[in-house]
Amino acid sequence: MNLTLLEANVYKLRIKALVTVLIASAIGAWGQAKAPLVLLQSIPLPALHDGDFDHFAVDLAGHRLFLTAEKNAAVEVFDLQTNKLIHTLTDIDEPHSMIYRADLKKLFVIDGGAAEVKIYQGDTYKRLGAIKLEDDADSMAYDPSTKYLYVVNGGKGAKMAYCLISIVDTTTDKKLADIKIDSDSVEALALEKSGPRMFVNITGKDAVGVIDREKHTVIATWPIGQEGKHNVAMAFDEAAHRLFISTNNPERLIVLNSDSGAIVASLPCGHMVDDLAYDAKSKRIYVTGSDFVDVFHQKDADHYEQVGQVASAFRAKTAILIPELNRYYLAVPRHEDKVAEVRVFEVQP
């Protein structure tokens, strides 16, 4: 086709205009895409000074939410129906993680500063006792079938060359045994319901450990350092046999086959991730790090895509997904002139 100079210029202008329209349409469609989380309200916590939170726990029957204000030496208690702060536990040094047993009406708090599991009466908040551990007690996992609590303690923070995963019976309030991990840094745990395995982030070795809960031994170690180092948070999709791991160097969401340890997917994610949540119903993974919550969709066991990134705040890396309430709670530390708060999000379909 032969075009005159004028026709060619007109043709170029039309093409340029069409491209501009297409780009604008794409941007508009992106902007109109439904966010995976919608902010409903914030619960201000003006009494707290600077410092991180660590983990949440929930009492669904009693409509309460518990939050460890790690660096404020407190546990904050919220009413889930009114979204208001109703109590603060202060006789605690450095709370990290918790579990609430509704059948016993007892709250078990892992206090890393005091090196113990503190036990409180659920309705009066009266302290009932404590179970002694090594220094730097931190992460934990709870087995509802045995009522056992698995608590990480020892390691670098305790000036020990190894960590322990202590087994605590929450019915008798006694420590039963210790599982030794040959690393000075251990982070999150995840329990298998259909079998005796427990998965653990052996952060000091950039690996995932597999533990037999009945034999109290490490039965496999899966290195992940080739894909990412300093693995912290963990979630488990037992039905699809997939483990989700966050790493900080580089910042990745790594997906492992929980039968073989093979890495099946790896995606970039946010910075300083400390909490992961997997929702089996929606097939979504919520990755909580400083400044953003990244939301991924599980297309199938081996394929994943990011479906949203929700802006949060500096070091807002503590969160809990409560599928029964269709809610996602995010703890935001005090920073500069902004008070600490808990943000309440509605989970979108």
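Tabulated values for the structure
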| quantity | calculated |
| --- | --- |
| Within-11-Å neighbourhood charge of Phe78 [Cβ basis; K, R +1; D, E -1] | -1 |
| Longest exposed-site-free window of the chain, the sites being GluC sites (Glu not before Pro) in a DSSP loop that have at most 11 other C-beta atoms within 10 Å | 1-213 |
| Segment 213-271: C-alpha pair distances exceeding 12 Å, % | 66 |
| Cα-derived Rg over Rh, computed across the chain with Rh taken as Kirkwood radius | 1.07 |
| Per residue accessible area in Å² of the chain, where ligands, DNA and RNA are left out and the probe is 1.4 Å | 47 |
| Part-to-part distance (alpha-carbon centres) for segment 93-148 and segment 220-259, which is given in Å | 27 |
| Overall dimensions of segment 265-310 as given by Cα atoms, namely Rg and Dmax in Å | 10.1, 28 |
| Rounded tilt (10° steps) of 5-32 against the dominant C-alpha axis of the chain | 20 |
| Counting all C-alpha pairs of segment 111-181, share separated by more than 22 Å (%) | 19 |
| Relative contact order (%) - segment 255-349, alpha-carbon pairs under 8 angstrom, separation at least six | 18 |
| Value of [θ]222 nm, deg cm²/dmol, for the chain, DSSP H segments ≥ 4, -39500 (n - 2.57) each, nearest 500 | -3000 deg cm²/dmol |
| Geometric extent, Cα atoms of segment 59-152 - Rg, Dmax (angstrom) | 12.6, 38 |
| Listed residues Ala220, Ala69, Ala61, most fluctuating in the chain (Gaussian network, C-alpha, under 10 Å) | Ala61 |
| Relative contact order of segment 181-277, pairs being alpha-carbon contacts under 8 Å that are 6 or more residues apart, as % | 19 |
| Whole-number D in µm² s⁻¹ for segment 171-222, Kirkwood Cα-pair radius fed into Stokes-Einstein, 4 °C, 1.567 mPa s | 111 |
| Stokes-Einstein translational diffusion, segment 142-229 - Kirkwood Rh over all Cα pairs, 1.002 mPa s, 20 °C, in µm²/s | 161 |
| Over the chain, relative contact order from alpha-carbon pairs under 8 Å, at least 6 apart, % | 12 |
| Cβ-Cβ FRET estimate between Ala177 and Ala311, R0 fixed at 35 Å, reported to 0.05 | 0.20 |
| Sorted largest first, extent of segment 242-296 alpha carbons per principal axis (Å) | 33, 29, 15 |
| Asn249/Gln121 FRET efficiency (R0 41 Å; Cβ-Cβ; nearest 0.05) | 0.45 |
| Carbon + sulfur, % of accessible area of segment 108-219 - ligands and nucleic acids excluded, 1.4 Å | 46 |
| In segment 129-198, the trypsin sites (Lys or Arg not before Pro) that fall in loop regions by DSSP, at most 13 other Cβ within 10 Å | Lys159, Lys193 |
| Cα pair distances in segment 52-114, grouped into 5 Å bins until the bin that holds the longest one, percent each | 4, 21, 30, 25, 15, 4, 0 |
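The values are calculated or read from the model by the stated rules, or taken from the named source; none is laboratory data. Just so it is clear, the model here is predicted, and its values are computed rather than measured. Cβ coordinates were reconstructed from backbone atoms using ideal geometry, including for glycine residues, and neighbour counts include every protein chain displayed. The area values use the complete protein model at the heavy-atom level, side chains included, leaving out ligands, DNA and RNA. Shrake-Rupley method; radii C 1.70, N 1.55, O 1.52, S 1.80 Å.
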